[in-house]
Every structure is written in C-alpha cells, then in structure tokens.
1. What are the ³J(HN,Hα) values, in whole Hz, obtained from phi via the Karplus relation 6.51 cos²θ - 1.76 cosθ + 1.60 with θ = phi - 60°, for each residue of the stretch 106-116 in sequence order, with x given for Gly and Pro?
2. So for each of 39-51, 67-79 I average, over its residues, the number of other beta carbons within 10 Å; can you give me the resulting order with the highest mean first?
3. From the cross-link list 23/146; 23/117; 57/105, which pairs have alpha carbons spaced over 24 Å apart?
4. Distance from the Cα centre of the stretch 82-115 to that of the stretch 35-61, in angstrom?
5. Taking N as the number of residues in the stretch 101-145, what is its Cα Rg relative to 2.2 N^0.38 Å?
Amino acid sequence: MKKLLILVVMLFSINVQAEEQDKVIHDELRQTLKTVTDAINSGEYEKMLPVLSKEIKATPITQEFINGQQQVVPYFHKWFGPERFLKKLNITFVPDVVTELSPDKTWGVVYGTGIEKYSLSDGRSYDFHTRWTATLVVEDGRWKIKAIHIGTDFMDNPLLNEARDTIMKSAIGGAVGGILLGVLFGFFVFRKKKR
C-alpha cells in the first residue's frame, strides 16, 4: 500500500510539473504573438525580428512569399508608410486554441482568426477578416515563429464589395439614364410624326 501511495504521489508530481512547464511555454508563446502585433501596429517592424526564425517562411494576406528574416521589414516598408497608398496596418490575431505542442516540446502549431485594418492615405479604411496558421519552434533557447500563412475569404473582400457596389450603382444609373433618354427620344420622334 505504501508503494502504491508513493507511486500516486510521484505521478501527480510529474503531472503538476508538466502542467507548469506547459504554462511557461504558453505564456512565452502569447508574448511572441504580442511582440509581432505590437511591432506591426506601431510600424516598428524591426521589433518583431527577435521572435521570428532566421529562416521564417511567411505568406501574408497579399499572398506574396517572404523567405527569411531579411525580407520581413522590406515587405512592410514596400506597402506601408506616410508616402504610400496604404498608410498603416493594425492587426489582431486571436488563436482558436492553445498552441498544440510536439511531444518533445520543441515545436508547435497554432491557428486562429484575425482582423487586418488597412488605413489608406486618402482617409478610407478597410477591415479584412483572416484565418491564419503558424508553426513555432525553439530556436536559440526561445520560441520563434518558423512559418505563418494568412488568408482571407476573397468572396468577402471589402475592396471587392465596394467595387461591386459602385458597379451596381453605375449600372442602375446607366439603365435609368438610358430609359430617360429613350423616353425623351421617343417623345420627340412621336411629336414630329404627329405634325
């Protein structure tokens, strides 16, 4: 009985230690995500580099491919800034689950939803709802993002929706204008024939 009690206590102790280790890992992973979003939202893109793998593979919403840390900051400078059409990006990532860790706790996968709010230089702004998946690895003793892919539902795209609405309004305006011109033309032709 005494051996059984010792075994139960040992198993409980091991389980508690594993849960504490996982909590520390998940806290670090949450901080990694916060570092990336803070860097993007502030426009200080260099600040995310310490939590990105040197060989990061990333596919942002534009579906361009970023291959390595050295391409991250230039990607953002290409798209965003005071002189650019896209003035600012404000991004949120909301994980659907806690990171699914590998058995040896050296890598993990997480996925979730996001909103990318684009502020344009002309004052307009658009919110894109996204889905994302990221793989994180332990590199140099820290958790880093090794790969991330961000996608959006192209059927629910605010820019396309605006363009579609503009086209519809133009088509309706054109149809109404065409009908009015036809009525006026008919009126004048009919009036001339009456004389």
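1. Along the stretch 106-116, the couplings run 10, 7, x, 10, 9, 8, x, 10, x, 10, 10 Hz.
2. Working: 39-51: 16.2, 67-79: 14.5.
With the highest mean Cβ count within 10 Å placed first, the list reads 39-51, 67-79.
3. Details: 23/146 21 Å; 23/117 31 Å; 57/105 21 Å.
The answer is 23/117.
4. 10 Å
5. Values: Rg = 16.2 Å, N = 45, 2.2 N^0.38 = 9.3 Å.
Scaled against compact globular proteins, the figure is 1.73.
Each value in this text was obtained by applying a stated rule to the coordinates, not by laboratory testing. Remember, it's a predicted structure, so these values are computed and weren't measured experimentally. Heads up, the Cβs are rebuilt from the backbone with ideal geometry, glycines too, and the neighbour counts pull from every protein chain shown.
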